[in-house]
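A short write-up of the structure that comes next.
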Amino acid sequence: MPFFTPSVTTEADAAFTYLTQQCRQLKLTSLGLTDAQARSTPTASGLSILGLIVHGAQVVNNWLIQVKDPTREVGEDDYRTVNEKVGLTLMFDGSALPDLDIDEAVAIFDTVIDGIEEARSAVEEAGTDLGTEVPMPDNPWMPDDFDMTVRWILWHLATEIARHAGHADIIRESIDGAIAYQLNAEADGEPWPPEGTDWS
């Protein structure tokens, strides 16, 4: 799994590719952890790697509803339905701990990551313009006076998951010192530190 995002050609390709890459980097922070480690909160916050992975899966899963069908008015029942399909209960807090072990959480996140490609296919097949406006969700944290588009959703997701991948990196380093470069190498079966280097 390359640490850097692959080359991209169009804005839509970039949006979907960066989102997928950041999801994979967030997931990778769980590599080799026990359930106890994945649930631990070794920093001053209440965040854990398990909580962040489940939160990331839920957030992406929820927003992809409108990416696939931009004109749809999405309500809480829609969120509940799509989350139940992948094995999640409705929660929006990265510090909440679901009744899942880390392997179950990662399997759910893998299903959600596969859903990013399904959303990309839906956008391509429908010829959806990223500037297509979507109905605003009813929540208190949306910016005032702006138009929500498919573009906004995709870049919002990429930045939110990147933020949480950073949280998870710090938590993982606090657990056992493993860093993102190391975890990427280990996931690919490559030596760490790289041969011929003095990284430690």
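The values are calculated or read from the model by the stated rules, or taken from the named source; none is laboratory data. Predicted, not measured: the structure shown is a model, and the values here were computed from it. All Cβ positions, glycine included, derive from the backbone under ideal geometry; neighbour counts span all protein chains shown. When the accessible area is computed, the model is the full protein with side chains, heavy atoms only, and any ligands, DNA or RNA have been set aside. Shrake-Rupley method; radii C 1.70, N 1.55, O 1.52, S 1.80 Å.
Some observations on this one:
- Within the range 128-156, residues that are in contact (Cβ under 8 Å) with a residue 24 or more places away in the chain sit with their Cβ atoms under 6 Å from residues that are open to solvent by 70 Å² or more (accessible area, probe 1.4 Å) and not in a strand (DSSP E or B), at 6+ positions apart or across chains, in these pairs: Leu130/Arg151; Glu133/Asp147; Pro135/Glu73.
- The single condition from (1) open to solvent by less than 60 Å² (accessible area, probe 1.4 Å); (2) under 23 Å from Ile49 (Cα atoms) that Met148 fails is (2).
- Among the candidates Asp101, Asp110, residue that is in contact (Cβ under 8 Å) with a residue 40 or more places away in the chain, surrounded by fewer than 16 Cβ atoms within 10 Å (Cβ to Cβ) and under 17 Å from the mean Cα position of the chain (by Cα): Asp110
- Only residues that are surrounded by 11 or more Cβ atoms within 10 Å (Cβ to Cβ), closer than 28 Å to Lys27 by Cα and not β-branched (Val, Ile, Thr) were counted in the range 113-141, giving 11.
- In the range 55-69, the residues that are surrounded by fewer than 22 Cβ atoms within 10 Å (Cβ to Cβ) and either over 24 Å from His164 (Cα atoms) or β-branched (Val, Ile, Thr) (or both): Val59, Ile65, Asp69
Residues checked against (1) at negative phi; (2) at pLDDT 95 or above; (3) not hydroxyl-bearing (Ser, Thr, Tyr):
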| site | (1), (2), (3) |
| --- | --- |
| Ser95 | yes, no, no |
| Glu104 | yes, yes, yes |
| Arg120 | yes, yes, yes |
| Thr128 | yes, yes, no |
| Val134 | yes, no, yes |
| Pro143 | yes, no, yes |
| Phe146 | yes, no, yes |
| Gly177 | no, yes, yes |
| Gly196 | no, no, yes |
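- Test for Ala180: is it touching an Asp or Glu at 6+ places or on another chain (Cβ under 6 Å) and surrounded by fewer than 19 Cβ atoms within 10 Å (Cβ to Cβ): yes
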